[in-house]
1. Kindly evaluate GLY28 against the criterion of being free of Cβ contacts under 8 Å to residues at least 40 places away in the same chain, among the small types (Gly, Ala, Ser) and over 27 Å from ASN83 (Cβ atoms).
2. Can you name the condition, by its number, that ASP82 falls short on among (1) within 24 Å of PRO103 (Cβ to Cβ); (2) not in a helix (DSSP H, G or I)?
3. Return the only residue of ASP64, ASP14, ASP35 being modelled with pLDDT under 95 and either under 16 Å from LEU104 (Cβ atoms) or of a type outside the set (Phe, Trp, Tyr) (or both).
4. Got a sec? Which of LEU116, LEU56, LEU80 is in contact (Cβ under 8 Å) with a residue 12 or more places away in the chain and over 26 Å from GLU24 (Cβ atoms)?
5. LEU29 is checked against (1) surrounded by fewer than 12 Cβ atoms within 10 Å (Cβ to Cβ); (2) modelled with pLDDT under 95 and fails just one. What number does that condition carry?
6. Can you find even one residue in the range 43-50 that is within 16 Å of the chain's Cα centre (by Cα), part of a loop (DSSP other than H, G, I, E, B) and on the phi > 0 side of the Ramachandran plot?
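The values are calculated or read from the model by the stated rules, or taken from the named source; none is laboratory data. The model shown is predicted, which means the values in this text are computed figures rather than measured ones. Quick reminder, even Gly has a Cβ in these numbers, built from the backbone with ideal geometry, and neighbours come from all protein chains shown.
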Amino acid sequence: MIDDEKKRLSFVRDLLEMTMPLEEIIWGLSALTWDYEGEGVEMTKKHLERVLQRYLRGEVGESDIELWANQVEGRDDVRLEDNAESLMGEILHELANPLLTQPLDRIRAAQLVRSLA
């Protein structure tokens, strides 16, 4: 695996897990090409659930969730968990597009967490 691919996959894992400030992750990913041909990193329902739980605990706000979902949605280097692609895709779309779907609030976040269980 070449260094750029290792760097990319590391940043993608950081993105999915929100292990560092989003701005740092976005900056790191922006230095790499958008297109990706490899297998990528699998995003699981647990990733979504953990991010929503952080929102419910007040650790991140609505704008953080929207930014995060926009960065995840449609990436070639992220693949959605088998047998959950449709549900996860719908949730990511909703979180990334609150003006087109519905704004995120505590009630909706709790509903989404339950749907992922």
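1. Criteria met by GLY28.
2. Single failed check for ASP82: (1).
3. Just a single option satisfies the conditions, and that option is ASP35.
4. LEU116
5. (1)
6. no
Residue-by-condition table, conditions (1) surrounded by fewer than 16 Cβ atoms within 10 Å (Cβ to Cβ); (2) under 16 Å from VAL113 (Cα atoms); (3) touching a strand residue (DSSP E or B) at 6+ places or on another chain (Cβ under 9 Å):
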{"site": "GLU5", "(1), (2), (3)": "yes, no, no"}
{"site": "ASP14", "(1), (2), (3)": "no, no, no"}
{"site": "GLU24", "(1), (2), (3)": "yes, no, no"}
{"site": "TRP34", "(1), (2), (3)": "yes, no, no"}
{"site": "GLU39", "(1), (2), (3)": "yes, no, yes"}
{"site": "VAL78", "(1), (2), (3)": "no, no, yes"}
{"site": "LEU100", "(1), (2), (3)": "yes, no, no"}
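A quick yes/no check of all residues on (1) within 14 Å of ARG75 (Cα to Cα); (2) touching a Leu at 6+ places or on another chain (Cβ under 8 Å):
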site	(1), (2)
PHE11	yes, yes
GLU39	yes, no
GLU42	yes, yes
LEU48	no, yes
